[in-house]
């Protein structure tokens with residue numbers, strides 16, 4: 001592995017410091033034993049608490065194209081004694097090495113706007129629809145459609161209406177929206193059974 005590989009767009013940035021975790025995590029309704037996919041997990045700022053919430057009988061897959069970030073996540077998981085995190089070096093717009101309907105909650109933190117900007121949203125959402133079990137949940141965190149900083153340029157930000165328009169054709173039904181901070185909102189969707 002060459003150290004000169006360019007990290008993927010957005011690598012290393014986490015929205016975790018911009019949100020209120022006490023608003024976020026209860027809204028996800030995670031239960032012990034559930035399977036979570038943190039797609040575009042970076043170095044795992046969300047992955048680690050998600051793994052604690054599903055407990056040792058649960059599983060959290062952290063998927064990202066950023067190899068260095070996944071290495072940091074693995075190291076932090078070991079330091080925290082979390083044995084239920086499995087990292088996947090993967091492109092969100094390509095098929096992931098997981099069976100159909102494997103995931104109870106798919107977690108997408110400030111990733112959808114990047115996929116949309118790159119023209120990869122439809123392929124990625126089709127794959128998400130394959131992975132989330134019927135009745136399963138999809139959590140989408142996005143930057144509010146306002147001028148930054150922080151966050152991406154206004155032109156590529158997604159409004160809640162944009163998110164619904166992207167997800168609806170893939171069998172995801174909008175459930176609720178939660179304000180996580182002045183900068184970020186959470187939308188919860190359910191996969192139609």
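What the table shows:
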{"item": "Wholly enclosed strands (runs of 3 or more DSSP E) of the stretch 15-106 bearing at least 2 residues closer than 27 Å to residue 183 by Cβ", "result": "35-39, 59-64"}
{"item": "Subset of the stretch 116-173 that is in contact with a strand residue (DSSP E or B) (Cβ under 7 Å, 6 or more places away or on another chain) and surrounded by fewer than 15 Cβ atoms within 10 Å (Cβ to Cβ) - its residue that is farthest from residue 63 (Cα to Cα)", "result": "173"}
{"item": "Selection count, the stretch 96-115, where residues are surrounded by fewer than 21 Cβ atoms within 10 Å (Cβ to Cβ), out of contact with any helix residue (DSSP H, G or I) (no Cβ under 6 Å at 6 or more places or on another chain) and free of Cβ contacts under 8 Å to residues at least 60 places away in the same chain", "result": "4"}
{"item": "Residue that is over 16 Å from the mean Cα position of the chain (by Cα), over 18 Å from residue 103 (Cβ atoms) and in contact (Cβ under 8 Å) with a residue 60 or more places away in the chain, where the choices are 182, 150", "result": "150"}
{"item": "Qualifying residues in the stretch 79-95 (those that are closer than 11 Å to residue 59 by Cβ and touching a strand residue (DSSP E or B) at 6+ places or on another chain (Cβ under 8 Å)) - the one surrounded by the fewest Cβ atoms within 10 Å (Cβ to Cβ)", "result": "86"}
{"item": "Test: residue in the stretch 109-129 that is within 24 Å of residue 18 (Cα to Cα) and part of a strand (DSSP E or B)", "result": "yes"}
{"item": "Candidate set from the stretch 174-193 (those that are at pLDDT 95 or above and not in a strand (DSSP E or B)); member that is surrounded by the most Cβ atoms within 10 Å (Cβ to Cβ)", "result": "180"}
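The values are calculated or read from the model by the stated rules, or taken from the named source; none is laboratory data. Not measured: the values here are computed from a predicted model. Glycine gets a Cβ as well: all are built from the backbone with ideal geometry, and neighbour counts include every protein chain shown.
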